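J.: Take this structure, written in structure tokens, and hold onto it; I'll ask about it next.
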There are 10 protein chains.
Amino acid sequence: MKDSRFAEPLMDKDDVAAMVLAAKKRLGLSWAQIAEQTGLSPVFTHSAAMGMNSMPEAAAKNLVAALDLPQEAVSVLMEYPTKVWDQAVPTDPCIYRLYEIVGVYGPTMKALIQEEFGDGIMSAIDFDMVISRVESDKGDRVKVEMSGKFLKYNSW
Amino acid sequence: MKDSRFAEPLMDKDDVAAMVLAAKKRLGLSWAQIAEQTGLSPVFTHSAAMGMNSMPEAAAKNLVAALDLPQEAVSVLMEYPTKVWDQAVPTDPCIYRLYEIVGVYGPTMKALIQEEFGDGIMSAIDFDMVISRVESDKGDRVKVEMSGKFLKYNSW
Amino acid sequence: MKDSRFAEPLMDKDDVAAMVLAAKKRLGLSWAQIAEQTGLSPVFTHSAAMGMNSMPEAAAKNLVAALDLPQEAVSVLMEYPTKVWDQAVPTDPCIYRLYEIVGVYGPTMKALIQEEFGDGIMSAIDFDMVISRVESDKGDRVKVEMSGKFLKYNSW
Amino acid sequence: MKDSRFAEPLMDKDDVAAMVLAAKKRLGLSWAQIAEQTGLSPVFTHSAAMGMNSMPEAAAKNLVAALDLPQEAVSVLMEYPTKVWDQAVPTDPCIYRLYEIVGVYGPTMKALIQEEFGDGIMSAIDFDMVISRVESDKGDRVKVEMSGKFLKYNSW
Amino acid sequence: MKDSRFAEPLMDKDDVAAMVLAAKKRLGLSWAQIAEQTGLSPVFTHSAAMGMNSMPEAAAKNLVAALDLPQEAVSVLMEYPTKVWDQAVPTDPCIYRLYEIVGVYGPTMKALIQEEFGDGIMSAIDFDMVISRVESDKGDRVKVEMSGKFLKYNSW
Amino acid sequence: MKDSRFAEPLMDKDDVAAMVLAAKKRLGLSWAQIAEQTGLSPVFTHSAAMGMNSMPEAAAKNLVAALDLPQEAVSVLMEYPTKVWDQAVPTDPCIYRLYEIVGVYGPTMKALIQEEFGDGIMSAIDFDMVISRVESDKGDRVKVEMSGKFLKYNSW
Amino acid sequence: MKDSRFAEPLMDKDDVAAMVLAAKKRLGLSWAQIAEQTGLSPVFTHSAAMGMNSMPEAAAKNLVAALDLPQEAVSVLMEYPTKVWDQAVPTDPCIYRLYEIVGVYGPTMKALIQEEFGDGIMSAIDFDMVISRVESDKGDRVKVEMSGKFLKYNSW
Amino acid sequence: MKDSRFAEPLMDKDDVAAMVLAAKKRLGLSWAQIAEQTGLSPVFTHSAAMGMNSMPEAAAKNLVAALDLPQEAVSVLMEYPTKVWDQAVPTDPCIYRLYEIVGVYGPTMKALIQEEFGDGIMSAIDFDMVISRVESDKGDRVKVEMSGKFLKYNSW
Amino acid sequence: MKDSRFAEPLMDKDDVAAMVLAAKKRLGLSWAQIAEQTGLSPVFTHSAAMGMNSMPEAAAKNLVAALDLPQEAVSVLMEYPTKVWDQAVPTDPCIYRLYEIVGVYGPTMKALIQEEFGDGIMSAIDFDMVISRVESDKGDRVKVEMSGKFLKYNSW
Amino acid sequence: MKDSRFAEPLMDKDDVAAMVLAAKKRLGLSWAQIAEQTGLSPVFTHSAAMGMNSMPEAAAKNLVAALDLPQEAVSVLMEYPTKVWDQAVPTDPCIYRLYEIVGVYGPTMKALIQEEFGDGIMSAIDFDMVISRVESDKGDRVKVEMSGKFLKYNSW
């Protein structure tokens, strides 16, 4: 929500994200520990706490209680966000590598998804993700599991 | 490899990709069936056959034999590609959704990977991916499993 | 499909689109008349004939028969397209006005959809559209009716 | 209107938008309910309240009264806006899908409009839009109805 | 219209534009002289001959006769064009200066048009233009007269 | 002029533009009425008052007197501006239509100007413009008259 | 001029540029020597021969005679070019350095020109340039002398 | 230098530029007069005073004394700047014309420099520039003289 | 970390960078001298102090002690940064030259690395760099030594 | 050099690059082996053979002899190239990593070079590079050694 010079400022998702990060640092919590409080996965908890998703009411209440945030933060966490990113091509190496994977393997993923399911897409809305560690003698690996509902193009 | 008006044209990865697609259509094969021939996964097989990766020699020979391609295609499949994509933001909906996931969840993935592993990245080079179907009463889901070696930033 | 200098060219969606336009001109047919032949709506018929969608088999056969296209065109019409557009901001005035509507009313559409349905989107995949004429003394109007399934963001 | 360090700040459309959103939240009103107060449609009411259109005087007075805004807001709502959007390609998924529809179906819409009406465009100025819900067993659908006056290119 | 490797090429607007320019050079005609043949203004005649507008049937027949073009060119001149320009910012100095005028005076033109007419725009569709010479001792001047119908935003 | 944290702020063209707009609103003046005070045309008066041109001294004094601005504003109005616009492609529909006219008719304007005058351009510096209303039964029209000195390319 | 599949190709400026370069190589001439033939400076001779300027008739005839080009090249050299460059930021280091000079010193050049001459610009149309060598013990220097008519903004 | 909310602000080049401009206006000095004080050319003096170059110590002291700036400004003027410009294509007409000259004549300048000197560039680092007035009956001209050391590509 | 209007500001990497630069200036230290304090190389010390890398705890404590920064700066220096750069093409000449080297020699570096090591990349994560001076009679040279672990593409 | 439809095609650097790659493949040579023939380093040999640098005459003759290329290739290798790259941000991972290094470490390299040498740059013209392998138990490393003459900004 925009500020007005003619009215009191309202708390917004950026405010809450900053308060969450400050509380997380002060309390020494990991995202996994915070996620246990919300009852949601670490991925979704982080995303909603940082303002990229709307948090269900129960989870928002749990988060506010666990981090001792002001009550107004509950409704802010529940607001429907406008998802904006500034960099069409991300520069941070950890995020760029994901972008690169889409660039290199995007046409392959499309070909295999559509050969298996028909003409359509993997939803990015009815979607979930888990990130975990796979131990290995050659160096541990990051495992990313994404799952999205297949949506078929309709004809009419 | 560039063509020259002063020398015979050499077969390149675009030529092989077109021949693979023509043979695949003619033989009625799926990528899974072709991958069985190469001994590699469907994801890597497609990617290398389309020219975005270099295929190991044994797999290249198997592919050429299975699809009855000219022998020259073996060395072309083995060449190290220059990975180029034209659209910084892909337009095809099936690929755009993957891009969107990176835009929405990229900062979350970075935060969780780095909290778990330390300051570093998931490699896009020492990397693999599997795509599969998860059946569900509410509509089948596409499952994407990525795994990349964690690489830690060094200080010096 | 890419051409190869080392194999016969395969018919692709651009070839079929050109043949459809040539036949349409030769036969003096409107898109509405062609759509009657395919059994699909004019919007979808045009989109699939021009290569931006895959046509169901029955419709493709009807189209090929009605326009006297070569049989190979049936399978080409059925192929799953890669949807590409070159201009991030379209220049043709008729298309730009649609882009402008998204620019001006996009945030409004988001606000009203999400207030009515919850946090989510109107699908562009499970989607249909009708274009019609509304007569008026002040000048006839173009009516565009779009309908897309509401997809709700899930949390996990 | 720009601020000056040498004069008192004037209320502008951003100020009013923020005040409207704050009042809407405080009063627990939906856009449909606010639109009943203005006597205009929800689409136009939202667009004008957020600063993307100028509100007729009667509607502006109604809105200011209904939301208990300062009187100065009436003239601000009536000002003619400069319509600016920052993202040539929108990132929010709910708005991007609309952009994608223009990318995929824009040439089709042009072809069908011009075949029906002649060489010209659907106006984005003499234009209106309604958004509604269509219930369905397979999942409710968002319906968007746009109507714009057909404008014919003239020759001279 | 796109070419197909599987069908005869059709004449398109680029072909006609090239034939017009070749005939114009061969016959030593000015655009003003050609416009006298079409019965339209020089601006519209040039624009339609170069493929950026559709020419009315009578004018197209006149042009084809006057320049001794093949009969097929009549229908091509009458086709509804897709207006595409490649350079968002034009580089040719003669065209760039026009772009610069829009950059410098665009907000002024908007302010004065809207103060005079209300919230709306000057149409670029119901539009005409004349270019002429104004003699002056200090150096002759180019005069550009544009006229477009005022279109008022509607509310609904 | 940039501000410094180590010196008093100086009034700049943005300050004056804001003061002019505030005074215009307070006094209920139109641009035509303000232009009568400056002795310049409405187009140039608006452009210079908004900071896109430098105002001659006499006009600046008249403007400051008429709108009761601080005396410092005279020299600020007289400063030579740096002309900057942020949007390579403007989004406001009233300005975009002007941009579209340049896109569609730019090559035509170049061809006709150069055929009449020789190889050169219409100056955007030695330039003037008038905007007026043309009444019409079919709807009033905006008339834009631009005049710029023809500048011929020299060879050397 | 565009080619047409329905008419003979016409010689254009690209053709002439290629023929000039081929003849220059065959005859072992420098641009200074060619310029002596045209009677114009090396800068203008190169620019017009490469298609970025129109060559006066006498010079064009001289060039065609000196390089033994076909007579048709005379009129092509005299045509008024459309000046197009593809790279908004040039990559070749020799050209980039010139771009960098504009980036670094552009605001300085503007300030000094306008302080000396008043509000206006150095023309790029009524313009000339000489490039020469300045010998120096510390390494020879390239000298670039540009001269353009000062054009003053008018007010009206 | 960036500000910190946790430390006192340090004077930076933007601060000094603003102080120079304020003093210049207060004292009624031209850049030529200021340059006499610094002992450097007007071009370099302006560039360094505005923060695009580092000023030698003696000149910086002279400037600070002449304009009565705080002593801290000496070291700030001497700092090595990061040269940043925001507009890849400048919009101000006086600067754009310079950009246009690079676009039109860049390849010509490259060809003539390299024919004279061999494969290499004109340095933009070991570089100087003078701007002067050339009087003429046809209108005075701006003269720009640039000189840069020729740098030859090495092979190894 | 983002600020919140509803909580105390937290020190972030920009704050620390500003404090480091202020202390460096006050104490008259070079980066080499600071690096001696941290026990890390000058390149890494600068990069981490400016916020582009995370500093190991011991080094951070040393830096804070040596420059007399507040204790809170230790944990800020240790935070994992998000690496962001604003200019896809850098404008500062010293940095642009590095970009240019990548543009000119990037394909060469790829070809030689891959011929020597196989299909893969030089890591930018497991990476180090040293910058030094090489004295020479023809002018001293900057030497940049980069070293990155070779990472081989895997197939699967 | 551009082709002309009115003259025989001339061999250009793209032709030679293709012939070099074909000969290299046919002869089974590495770049190191080819460089031994030219007497230049592998980096420069590859760069000049691929058309990004001009090759000294002796080296060009050696290359043409060693690879059995036509004699015309000697002068083509010696031509001064126009260095063009299409991707402002390279997509191939091996090249992107180099771009990323410039993004992350560019400001650091600038700070350390300028602290050591004064205000100036590392030349990309008087420049050389060596790429080598450093063996290591933890995985071999790519070593890149760049050396460029320091160029100091002059003041005047």
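The values are calculated or read from the model by the stated rules, or taken from the named source; none is laboratory data. A quick note: this is a predicted structure, and the numbers were derived from the prediction, not measured. Heads up, the Cβs are rebuilt from the backbone with ideal geometry, glycines too, and the neighbour counts pull from every protein chain shown.
J.: Restricting the search to the stretch G:1-28, which residues are of a type in the set (A, V, I, L, M, F, W, C), in contact (Cβ under 8 Å) with a residue 40 or more places away in the chain and within 7 Å of chain J (Cβ to nearest Cβ)?
T.: G:11, G:19
J.: Moving on. What pairs come up if the first residue lies in the stretch I:73-95 and is without any contact (Cβ under 8 Å) to a residue 12 or more places away in the chain, the second is basic (Lys, Arg) and not in a loop (DSSP other than H, G, I, E, B), and their beta carbons are under 6 Å apart, counting only those six or more places apart or on different chains?
T.: The qualifying pairs are I:94/J:110; I:95/J:110.
J.: Filter the stretch J:8-20 for residues that are more than 17 Å from residue J:81 (Cβ to Cβ) and crowded, with 18+ Cβ neighbours inside 10 Å and give the result.
T.: None; the set is empty.
J.: Applying the selection to the stretch F:80-92, what residues are buried (at least 18 other Cβ atoms within 10 Å of the Cβ) and more than 14 Å from the chain's Cα centre (by Cα)?
T.: Scanning the stretch F:80-92 gives F:90, F:91, F:92.
J.: Next question, about the same structure. Going through B:73, B:88, B:65 one at a time, which residue ends up being modelled with pLDDT of 95 or more and at the interface with another protein chain (Cβ under 7 Å from one of its Cβ atoms)?
T.: Step by step, each of B:73, B:88, B:65 is checked, and only B:88 is modelled with pLDDT of 95 or more and at the interface with another protein chain (Cβ under 7 Å from one of its Cβ atoms).
J.: Just one of the numbered conditions (1) in contact with a Lys or Arg (Cβ under 6 Å, 6 or more places away or on another chain); (2) aliphatic (A, V, I, L, M); (3) crowded, with 21+ Cβ neighbours inside 10 Å is not true of residue D:74; which one?
T.: (3)
J.: Take the residues in the stretch I:35-82 that are β-branched (Val, Ile, Thr) and out of contact with any Ser or Thr (no Cβ under 9 Å at 6 or more places or on another chain); name whichever of them is nearest to residue B:121 (Cα to Cα).
T.: I:76
J.: Taking only the stretch C:30-46 into account, find how many residues are small (Gly, Ala, Ser) and part of a helix (DSSP H, G or I).
T.: Within the stretch C:30-46, residues that are small (Gly, Ala, Ser) and part of a helix (DSSP H, G or I) number 2.
J.: Here's a check for you: in the stretch I:112-125, which residue that is in a helix (DSSP H, G or I) and touching a Cys at 6+ places or on another chain (Cβ under 9 Å) is surrounded by the fewest Cβ atoms within 10 Å (Cβ to Cβ)?
T.: Checking each candidate, the answer is I:114.
J.: Same structure again: Select, from H:148, H:51, H:103, the only residue that is touching a residue at least 12 places away in the same chain (Cβ under 8 Å), in contact with a Phe, Trp or Tyr (Cβ under 6 Å, 6 or more places away or on another chain) and either assigned to a loop (DSSP other than H, G, I, E, B) or not assigned by TED's automatic domain parsing to the domain that holds residue H:21 (or both).
T.: H:148
J.: Out of B:105, B:153, B:96, report the one residue that is within 18 Å of the chain's Cα centre (by Cα) and modelled with pLDDT of 95 or more.
T.: B:96
J.: Suppose we keep only residues that are among the hydroxyl-bearing types (Ser, Thr, Tyr) and under 17 Å from residue H:113 (Cβ atoms) within the stretch G:29-50. Which one would you say is farthest from the other protein chains (Cβ to nearest Cβ)?
T.: Filtering first and then ranking leaves G:45.
J.: Same structure, new question: Looking for whichever is out of contact with any helix residue (DSSP H, G or I) (no Cβ under 8 Å at 6 or more places or on another chain) and either of a type in the set (Asp, Glu) or not assigned by TED's automatic domain parsing to the domain that holds residue B:47 (or both) here; the options are B:86, B:68, B:92. Which one fits?
T.: B:86
J.: I'd like to verify a number: residues in the stretch A:61-97 that are hydroxyl-bearing (Ser, Thr, Tyr) and under 26 Å from residue A:38 (Cα atoms), how many?
T.: 3
J.: Restricted to the stretch C:110-132, and to residues that are out of contact with any Phe, Trp or Tyr (no Cβ under 7 Å at 6 or more places or on another chain) and without any contact (Cβ under 8 Å) to a residue 12 or more places away in the chain, which residue is farthest from the other protein chains (Cβ to nearest Cβ)?
T.: Ranking the qualifying residues of the stretch C:110-132, first place goes to C:116.
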